[in-house]
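Peer 1: Before I ask anything, here is the structure I am working with.
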Amino acid sequence: MLTVRRAAIVAGAAVSMLLSGGCSAPERAAGGILLIEVAPQSGDGAERSDRAPRRGRMTVGERLEVRLGAFGGTGYAWSLVGPLPANMQLSSRDPASSTAPVPGAEGRPGGATMTTFGMTAVAQGDATLRFELARPWEREKGEPPARTVDVAVEVRPARERSDEPAK
């Protein structure tokens, strides 16, 4: 009975992940952080989910954390491609490309990992960031990345609330 119940839970989680494209909608974390998370995936599911940019809104002074999933031991690493937008700034308190195992995958060879890129909005305006998942030695040979994820953020002046409905 327990096995059937566990299978139903796993199946439900898999369907939920497929329907959501393997990523979560931007969410507000405690302390004024806009969190955008992309689950570790490969194959056609990853390609489909990566087509549309992840979007979010924040205010000047808030932090953005982009968490990107991959599988350890494959040689692939996430990187921020191109310059950091002028209205975003990396700071010592923000994680800059830190990678850690997904909870529950600690100590598992090839287990899922999340790479976190953090920054702070320092001025209003739109910010577009591109992240690529690639093997460094393949990049040097001109190979295309395995995944590309675009993040588009609207930064509002500090006096506006970032949780207002879209117009």
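Throughout, read-outs are computed from the coordinates displayed, never taken from laboratory work. Computed from a prediction, not measured in an experiment: that's the story for all the values here. Cβ: placed from backbone, ideal geometry, glycine included. Neighbour counts: every protein chain shown.
Peer 1: Which FRET efficiency, nearest 0.05, do Ala86 and Ser42 yield, Cβ-Cβ r, R0 35 Å?
Peer 2: After rounding, the FRET efficiency stands at 0.55.
Peer 1: Still on this structure, please answer the following. When a footprinting reagent is the concern and you count Cβ atoms within 10 Å, what order do Leu84, Leu68, Leu34 take, fewest first?
Peer 2: Ranked by crowding around the Cβ, least crowded first: Leu84, Leu34, Leu68.
Peer 1: How would the range 66-143 be classified by its alpha-carbon gyration tensor: rounded, prolate or oblate, with rounded meaning a/c under 1.5 and the a/b versus b/c comparison settling the rest?
Peer 2: oblate
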